[in-house]
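Reviewing the structure listed below.
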Amino acid sequence: MKELPKVELHLHLEGAMPPAFARDMAKAKNVDISRIFDDSGAYNYDGFLEFLQVYEVATSVLIRPEDFAKLTRTVLEQSAETGVIYTEAFLSPDFCGGRDVGAWREYLHAIREAAEGAERDFGIAMRGIVTCIRHFGPDKAKETARCAAETAGDFITGFGMGGDEGKGRQGDFAYAFDMAREAGLRLTTHAGEWGGPSSVRHALDDLRVERIGHGVRAIEDPALVERLARDGVVLEVSPGSNVALGIYKWNTHPIEKLRAAGVPITVSTDDPPFFHTDMVHEYDRLAATFGWDEDMFRHIARVSIDAAFCDEPTRKRLHERIDA
Ligand code: ADE
Ligand code: ZN
């Protein structure tokens, strides 16, 4: 499994921060975040809302562009060790200079340099999806979209939204998504993770995204599943995340049913240390639960490359690596 070339489309950069990395950063800055760890040193939370709080406390130790550069290199090195050759990372101007465009440019410069170094040293390519945070509200999302629009290009290639799907409606964020679309960015949003099928419909109709983060609860609505399959809407599925947060168990997870219905499925880890997972673990569990074999995983990697928010020469190079 480790050797299989993998493509990951849904990874939150801060959410991929190893607990030991967060502790080291906290120590260096003299802040106490011990309350977010359990006795074994893992992130400790009970349920999704507490997960989001712990996530924000962990992220609070990242205060300088250099911190994000170090995190980027660490995360990409780890991903490369699990066979990932390309990753799309969600980046949050909220945590990188408080959505100020000038500050964001400095953080982004540091992240990009680290990503280029990791590509040279570990053979993993990265692109960034600027991400607004739903529970911070539509006004902050507009500021985040401005950061995205101002830095859109060959590294920042997408715009998305994470956070608490229970807060507000997808359509409340249409202005931010319109701004990002007009800047040439490609669009995705978290939907159908905590929200039901209507959240996925609103993502498609009101935000006009081309991919959906999670989207798994579309399974509750056969007409929606048909629409996703017909229109080729790609789902960024993170089964281990859904299991860790208690949405499904492995043997009730709908990923195989969605795939069998013709929905384009990709596989990601979301926030790996929070969910005690990595891409090898995801592949192992998918193989054990649904009998997926090497051919299936190569197929998934090709679907992921076709859905990646990268330029065509990069896409071609990635296909060549999968087919090598
Ligand atoms: N931010 C980081 N991980 C997330 C998830 N699984 N859902 C929503 N927002 C997130
Ligand atoms: Zn996510």
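Laboratory data are not the source of any read-out in this text; all were calculated from the coordinates shown. Small disclaimer: the values here were computed from a predicted structure and weren't measured. Because the Cβ atoms are built from the backbone with ideal geometry, glycine has one as well, and the counts that use them run over all protein chains shown.
Among Ala42, Ala307, Ala183, the largest mean-square fluctuation in a Gaussian network model of the chain (Cα springs under 10 Å) belongs to Ala42. For region 1-122, a/c is not less than 1.5, where a ≥ b ≥ c are the root eigenvalues of the C-alpha gyration tensor, and a/b does not top b/c. That puts it in the oblate class.
Computed from phi, the 3J(HN,Hα) profile of region 132-148 under the Karplus parametrisation 6.51, -1.76, 1.60 (θ = phi - 60°) reads 8, 10, 4, 6, 7, x, x, 5, 5, 4, 5, 4, 5, 5, 5, 4, 5 Hz, with x in place of Gly and Pro.
In region 186-320, taking the dipole from charged Cβ atoms about the Cα centre, the farthest positive-side position among Ala244, Thr314, Ser198 is held by Ser198.
Taking the Cα centre of region 181-324 as origin and assigning +1 to Lys and Arg Cβ atoms and -1 to Asp and Glu Cβ atoms, the resulting dipole is close to 180 debye. Close amide H pairs (under 5 Å, H built 1.01 Å from N) link Met126 with Thr87, residues at least 5 positions away or on another chain.
Computed from backbone phi, the HN-Hα couplings of region 25-38 come to 4, 4, 5, 4, 9, 6, 10, 9, 10, 4, 5, 8, 10, 8 Hz, rounded to whole numbers (Karplus: 6.51 cos²θ - 1.76 cosθ + 1.60, θ = phi - 60°; Gly and Pro given as x). Distance between the modelled labels on Ala287 and Asp172, one decimal in nanometres: 4.4 nm (7 Å Cα→Cβ projection).
Looking at the square roots a ≥ b ≥ c of the eigenvalues of the Cα gyration tensor of region 191-324, which shape do they give, rounded for a/c under 1.5, prolate if a/b is larger than b/c, or oblate? Verdict is oblate for region 191-324. Region 239-294 and region 90-165 have Cα centres separated by 26 Å.
What is region 68-173 by shape, rounded, prolate or oblate, if you read a ≥ b ≥ c off the alpha carbon gyration tensor as root eigenvalues and call it rounded for a/c under 1.5, prolate for a/b larger than b/c, and oblate otherwise? Judged from the Cα gyration tensor, region 68-173 comes out prolate (a/c at least 1.5, a/b above b/c).
Our coupling estimate for region 107-114, obtained by passing each phi through the Karplus curve with A = 6.51, B = -1.76, C = 1.60 and θ = phi - 60°, is 4, 5, 4, 5, 5, 5, 4, 5 Hz, Gly and Pro reported as x. Under a 5 Å amide H cut-off, with hydrogens placed 1.01 Å from N, Asp221 pairs with nothing among residues at least 5 apart or on other chains. What you get for the chain, charging only the Cβ of Lys and Arg (+1) and of Asp and Glu (-1), is a dipole of about 340 debye around the Cα centre. Projecting label points 7 angstrom from Cα along Cα→Cβ for Leu52 and Arg208 puts them 2.7 nm apart.
In the chain, the DSSP-assigned H stretches of four residues or longer account for a calculated mean residue ellipticity at 222 nm of -14500 deg cm²/dmol, using -39500 (n - 2.57) per stretch and the full residue count as denominator. Out of every Cα-Cα pair that region 6-308 contains, those further apart than 31 angstrom amount to 22 percent.
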